[in-house]
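Presented below is the structure to which this report refers.
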Amino acid sequence: MMRNNILYRALTFALLILAAVRSTAQTITSNLILRDGWRMQSATVVRDGGAVVSEAGYKVAGWYEVSVPTTIIGGLLSNKVYAFDPFYAMNFEKLKDPKLDSTWWFRTTFMPPADWKDKDLVLKLHGINYKANVWLNGVLIADSNRVMNPMRIIELNITKNFRPGVSNVLALEIRRPINPQKRGGDLAIDYADWIHYPPDYNAGILNDVEINAYNRVGVSYPLVTTHFDYPSLDVAHLTVDVLVTNYTDQPKDLTVMGKIDGTIDFQKNVHLEAKEMSDVRFSPAEFPQLNVGHPRIWWPWQLGKPELNHLDVVSWYDKTVSNVISEDFGIREIRTNFIDTGSRVFVVNGKRILLRGAAWSPDIFQRRSARRQEQEIRLYRDMNMNIIRSEGKLEDDHFYALCDKYGMLVMTGWMCCGAWQYPELWDAAKRASAMASDSSVMLWLRDKASVMVWLNGSDMPPRDTSVERGYLDIEAALKWPNPTISTADASKSRVSGYSGVKMAGPYEWVPPIYWETDSAGKYGGMWSFATEISPGPSIPPYESLVKFIPKDSLWFTSATWKYHCGTMNFGNTDVFNAALQGRYGKATDIRDYLAKAQAQNYEAHRAMMEAYGLHKYHTATGVVQWMGSNPWPGLIWHTYDYYLYPAGTYFGMKKSMEPLHIMYSYAGREVDVTNSLEERRGGLTAEAAVYDLNGSVKWSKKVAVDVEADSVWRGPAVPAIDGLSSTYFLRLQLTDGGGAVRDVNWYWLSAKGDVLDWSKSKWFVTPETGYADYSALQTLGKTTLKLAAGAAVKHGDTTLHEVTLTNTGKVVAFQVHLRALKGKAGDDILPVIFSDNYIELAPGETRKILCKYATEDARGAEADFVVEGWNVVGQK
């Protein structure tokens with residue numbers, strides 16, 4: 001009885017610890033993340049071996065001080081080694097240095113807590129690129145045959161080599177990857193044709209270096225899986241899994257305890273053999289309290305609130321807490337169904353969702369900033385995107401936590417094109433490394449609410465079927481809770497069957513009509529789930545261009561211009577330029593070119609997203625713009641530029657994905673309304689008006705609209721109109737029953753249409769044999785605007801303004817661009833959120849634009865608003 005009372009009191013104490021952990025939002029896990037205080041140096045400079053370098057007292061004078069994560073070049077940049085901006089002109093070429101081909105040392109010292117003396121210590125290395133010899137206190141604890149591949153999480157028991165009570169030294173001798181972009185190369189980060197490769201190939205430490213302390217046993221990698229009794233969401237059946245490890249050479253008995261949201265408790269006694277690692281499962285059948293009534297459910301933002309719950313898990317051994325894992329998770333269930341063999345639709349908590357978003361690319365030097373990550377995810381969210389795709393560029397925990405917070409779904413998986421794509425060429429070591437990487441990623445990402453699907457291949461299924469089977473076995477064993485797909489393209493896997501997605505291009509400029517007229521169902525038109533697709537270049541505004549291209553090279557024929565495009569097939573903007581000059585007229589100078597480029601960027605990107613929205617579930621189910629962000633200042637494949645400047649592409653995207661949206665079908669020549677909301681919208685009024693270049697209304701129509709939830713309303717066609725100018729405007733407006741304007745959408749159209757030559761389509765482009773004629777826009781009359789900016793309103797760390805714009809002229813104001821400057825004649829406040837931009841205004845029309853930015857980004861200046869436009873000659 002006494003023994004039972006003691007055990008009861010001990011377990012009660014452990015549960016109190018769980019409660020304390022929850023109430024303070026902290027974990028009591030003994031761990032150190034070794035982030036600051038590292039030193040870095042080339043082995044061409046350091047002549048000593050690891051046994052010497054990793055001893056206390058070793059002199060590191062002349063070494064570069066860095067924080068981890070960092071690549072070699074990232075570390076050199078932070079130390080201001082280069083007397084130039086590597087992004088300016090073609091300075092990137094100056095980074096090439098034979099030293100980058102040698103091994104580099106990364107060394108740090110750390111003082112462990114005093115109570116670690118009798119602990120079992122595990123060094124956790126996440127993101128070593130590419131191979132490393134790992135030394136601790138003069139001893140080689142793992143060599144480069146074991147420590148390789150940046151996708152892996154490698155855990156090393158360092159208990160025997162750890163020195164309690166004194167400073168310890170950890171030193172990694174890292175070699176860069178060799179030819180990751182080629183068949184037979186190293187399984188590292190590959191950029192394919194996106195950008196030029198950094199000459200260090202991102203060698204370094206790309207994620208956290210961590211030391212965990214355990215009392216003989218420990219828990220890690222918890223997973224909460226959800227199941228609902230559809231169609232009801234009243235009860236969530238939760239299953240909790242956690243990995244439990246015995247770090248000793250003797251069998252151990254322990255208790256694993258968990259708590260959800262501070263109220264739902266569960267525990268289980270566990271026996272582990274020496275060195276055993278085992279999954280412990282808490283099922284709702286065995287633990288009825290895991291059948292949670294009226295749960296707080298995580299939704300992608302479009303369907304509801306992204307509610308997060310909290311889990312604490314304790315390992316209890318020998319009357320003490322060994323460690324505690326504490327993390328947020330989402331109560332949600334993601335499934336996928338096939339509409340047909342070529343199209344799959346994703347279903348979240350029983351509700352299907354059309355997925356529209358963009359791919360993610362980190363900084364070219366893998367420099368991560370928590371603040372910038374949040375800035376960029378806010379930009380994705382502001383564009384009304386609901387999915388981010390990450391191809392072979394895994395981020396950090398903060399990135400996924402932000403996606404959880406903002407309700408952004410994440411599609412991720414392995415890389416294309418280089419060594420990852422040719423598993424039939426792997427030797428035994430690479431194969432083992434790939435399988436270990438898959439295990440690492442599954443354990444790491446499986447409990448992220450936002451991660452919705454894993455791709456076991458990119459441009460094709462794994463060419464060696466045994467590799468895909470190996471991946472699938474691992475994913476099943478580790479209870480990956482989300483769908484897996486063999487590839488991002490339409491190939492049929494010999495192992496897992498049809499993918500239900502496609503990546504049939506384009507990646508180059510195509511006109512708006514393209515997306516609705518891919519009638520053969522062979523290319524990038526509005527059918528299936530397009531996992532990567534784009535109308536090509538996205539030219540930044542002048543204010544950004546001059547930051548990386550010298551003024552004497554600001555033309556699309558210059559070598560510097562082409563250098564800042566992609567590589568291989570994408571090393572220029574020729575297709576885009578030909579369309580621009582064929583459609584809008586020959587560009588007379590860079591300012592004229594950029595005005596036309598913003599209009600062309602806007603219409604092309606808007607049309608792509610609108611087409612998928614218009615044809616959703618018939619059989620369009622998703623589309624991912626290639627890409628959303630830029631890894632460096634570039635001219636192609638982004639929605640906002642490297643400096644976070646939102647221009648034509650951005651606002652075309654934002655307009656197209658409004659949850660309640662009025663639009664024009666280029667193919668049907670009709671006015672339609674798309675509803676992405678979960679409720680029916682009735683009592684709406686759609687208004688359409690056609691304006692000629694003189695500002696006269698040549699046709700107008702009003703019609704009542706009732707549109708079902710997550711549905712489309714197909715409206716009347718715009719008729720042929722006598723006496724209309726060759727280029728004209730279509731203004732669309734949607735108002736609700738109370739008369740409030742819900743959406744305004746303008747189109748510029750031509751009596752002459754774009755003509756595509758489908759017979760000459762390639763994987764990245766469909767050429768044109770004739771262009772729409774917008775050249776008359778060059779003769780559009782001039783107009784003036786009245787601008788009235790409301791007083792700044794402070795809300796926490798954010799500043800808000802309401803800006804009123806009125807067209808005081810007699811013609812349509814075209815491509816009106818509002819800017820917020822840091823005081824008179826200052827630089828743009830960036831990033832900045834405008835409710836709308838690059839807009840059109842009818843004669844006499846007034847629009848209110850909301851502007852929002854982080855107060856600190858104004859750098860203490862009062863925002864000064866200026867307005868520009870295609871035919872705007874002044875503001876009052």
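The values are calculated or read from the model by the stated rules, or taken from the named source; none is laboratory data. Note that this is a predicted model, so its numbers are computed, not measured. Backbone-built Cβ (ideal geometry, glycine too); neighbour counts: all protein chains shown. Surface areas here come from the heavy atoms of the whole protein model, side chains and all, with no ligands, DNA or RNA. Shrake-Rupley method; radii C 1.70, N 1.55, O 1.52, S 1.80 Å.
Tabulated results
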| item | result |
| --- | --- |
| Filtered residue count, the range 614-670, keeping only those that are in a strand (DSSP E or B) and over 12 Å from Pro540 (Cα atoms) | 14 |
| Failed criterion for Leu724 (all others in (1) in contact with a Leu (Cβ under 9 Å, 6 or more places away or on another chain); (2) part of a loop (DSSP other than H, G, I, E, B) hold) | (1) |
| Residues within the range 54-77 that are part of a helix (DSSP H, G or I) and in contact (Cβ under 8 Å) with a residue 60 or more places away in the chain, tallied | 5 |
| Criterion violated by Gly127 - all others in (1) closer than 24 Å to Asn179 by Cβ; (2) open to solvent by 20 Å² or more (accessible area, probe 1.4 Å); (3) in contact with a Pro (Cβ under 9 Å, 6 or more places away or on another chain) satisfied | (2) |
| Residue list for the range 751-790, restricted to those being open to solvent by less than 20 Å² (accessible area, probe 1.4 Å) and in a strand (DSSP E or B) | Gly770, Thr783, Leu785 |
| Residue that is surrounded by 18 or more Cβ atoms within 10 Å (Cβ to Cβ) and without any contact (Cβ under 8 Å) to a residue 12 or more places away in the chain, where the choices are Ala587, Ala597, Ala504 | Ala587 |
| Gly809 being open to solvent by less than 30 Å² (accessible area, probe 1.4 Å) and at pLDDT below 95 | no |
| Val703 at pLDDT 95 or above and either open to solvent by less than 20 Å² (accessible area, probe 1.4 Å) or assigned to a loop (DSSP other than H, G, I, E, B) (or both) | no |
| Near pairs, Cβ below 7 angstrom, 6+ apart or cross-chain, from the range 122-139 (without any contact (Cβ under 8 Å) to a residue 40 or more places away in the chain) to any residue that is surrounded by fewer than 23 Cβ atoms within 10 Å (Cβ to Cβ) | Val134/Ile141; Val134/Ala142; Val134/Val147; Val134/Leu156 |
| Entirely in the range 198-293, the strands (runs of 3 or more DSSP E) that have 3 or more residues that are within 23 Å of Asn31 (Cα to Cα) and touching a His at 6+ places or on another chain (Cβ under 9 Å) | 252-260 |
| Subset of the range 443-477 [closer than 16 Å to Lys492 by Cβ and part of a strand (DSSP E or B)] | Leu455 |
| Residue list for the range 245-263, filter: over 22 Å from Leu121 (Cα atoms) and buried (at least 17 other Cβ atoms within 10 Å of the Cβ) | Gly258, Lys259, Ile260 |
| Conditions (1) in contact (Cβ under 8 Å) with a residue 12 or more places away in the chain; (2) under 28 Å from Trp299 (Cα atoms); number of the one not met by Val741 | (1) |
| Which numbered condition Lys698 misses (of (1) within 38 Å of the chain's Cα centre (by Cα); (2) in a strand (DSSP E or B)) | (1) |
| Subset of the range 520-530 that is in a loop (DSSP other than H, G, I, E, B) and not small (Gly, Ala, Ser) - its residue that is modelled with the lowest pLDDT | Lys522 |
| Top-ranked residue in the range 314-334 [being closer than 30 Å to Lys351 by Cα and either out of contact with any strand residue (DSSP E or B) (no Cβ under 6 Å at 6 or more places or on another chain) or not hydroxyl-bearing (Ser, Thr, Tyr) (or both); ranked as most open to solvent (accessible area, probe 1.4 Å)] | Asp328 |
| Residue under evaluation Met411, criteria (1) surrounded by 20 or more Cβ atoms within 10 Å (Cβ to Cβ); (2) of a type outside the set (Lys, Arg); (3) more than 30 Å from Met277 (Cβ to Cβ), criterion not met | (3) |
| Test: residue in the range 101-120 that is of a type in the set (Val, Ile, Thr), surrounded by fewer than 23 Cβ atoms within 10 Å (Cβ to Cβ), touching a helix residue (DSSP H, G or I) at 6+ places or on another chain (Cβ under 9 Å) and touching a residue at least 12 places away in the same chain (Cβ under 8 Å) | no |
| Checklist (1) free of Cβ contacts under 8 Å to residues at least 60 places away in the same chain; (2) of a type outside the set (Ser, Thr, Tyr); (3) under 30 Å from Ala647 (Cβ atoms); (4) outside any helix (DSSP H, G or I) applied to Val495, failing item | (3) |
| Within the range 490-546, considering residues that are among the β-branched types (Val, Ile, Thr) and in contact with a Gly (Cβ under 9 Å, 6 or more places away or on another chain), the one nearest to Ser458 (Cα to Cα) | Thr531 |
| Pair list, Cβ under 8 Å, 6 or more apart: the range 531-559 residue part of a helix (DSSP H, G or I), other residue modelled with pLDDT under 95 and surrounded by 20 or more Cβ atoms within 10 Å (Cβ to Cβ) | none |
| Selection within the range 560-584 - free of Cβ contacts under 8 Å to residues at least 40 places away in the same chain and either of a type in the set (A, V, I, L, M) or out of contact with any helix residue (DSSP H, G or I) (no Cβ under 6 Å at 6 or more places or on another chain) (or both) | Lys562, Asp574, Asn577, Ala578, Leu580, Gln581 |
| Scope the range 58-82; condition closer than 13 Å to Asp200 by Cα and open to solvent by 60 Å² or more (accessible area, probe 1.4 Å); matching residues | none |
| So Leu805, is it touching a strand residue (DSSP E or B) at 6+ places or on another chain (Cβ under 9 Å) and in a helix (DSSP H, G or I) | no |
| Among the candidates Arg431, Arg381, Arg367, residue that is part of a loop (DSSP other than H, G, I, E, B), open to solvent by 20 Å² or more (accessible area, probe 1.4 Å), touching a residue at least 12 places away in the same chain (Cβ under 8 Å) and not β-branched (Val, Ile, Thr) | Arg367 |
| Thr226 vs. criteria free of Cβ contacts under 8 Å to residues at least 60 places away in the same chain and either among the basic types (Lys, Arg) or touching a strand residue (DSSP E or B) at 6+ places or on another chain (Cβ under 7 Å) (or both) | no |
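For (1) in a strand (DSSP E or B); (2) farther than 29 Å from Thr779 by Cβ; (3) open to solvent by less than 10 Å² (accessible area, probe 1.4 Å), each residue gets a yes or a no:
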residue	(1), (2), (3)
Glu840	yes, no, yes
Arg847	yes, no, no
Glu856	no, yes, no
Gly860	no, yes, no
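To keep it simple, each residue is scored yes or no on (1) assigned to a loop (DSSP other than H, G, I, E, B); (2) in contact with a Gly (Cβ under 9 Å, 6 or more places away or on another chain); (3) farther than 19 Å from Tyr247 by Cβ.
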{"site": "Trp105", "(1), (2), (3)": "no, yes, yes"}
{"site": "Val122", "(1), (2), (3)": "no, yes, no"}
{"site": "Leu125", "(1), (2), (3)": "no, no, no"}
{"site": "Asn133", "(1), (2), (3)": "no, yes, yes"}
{"site": "Lys160", "(1), (2), (3)": "no, no, no"}
{"site": "Gly165", "(1), (2), (3)": "yes, no, yes"}
{"site": "Lys182", "(1), (2), (3)": "yes, yes, yes"}
{"site": "Gly185", "(1), (2), (3)": "yes, yes, yes"}
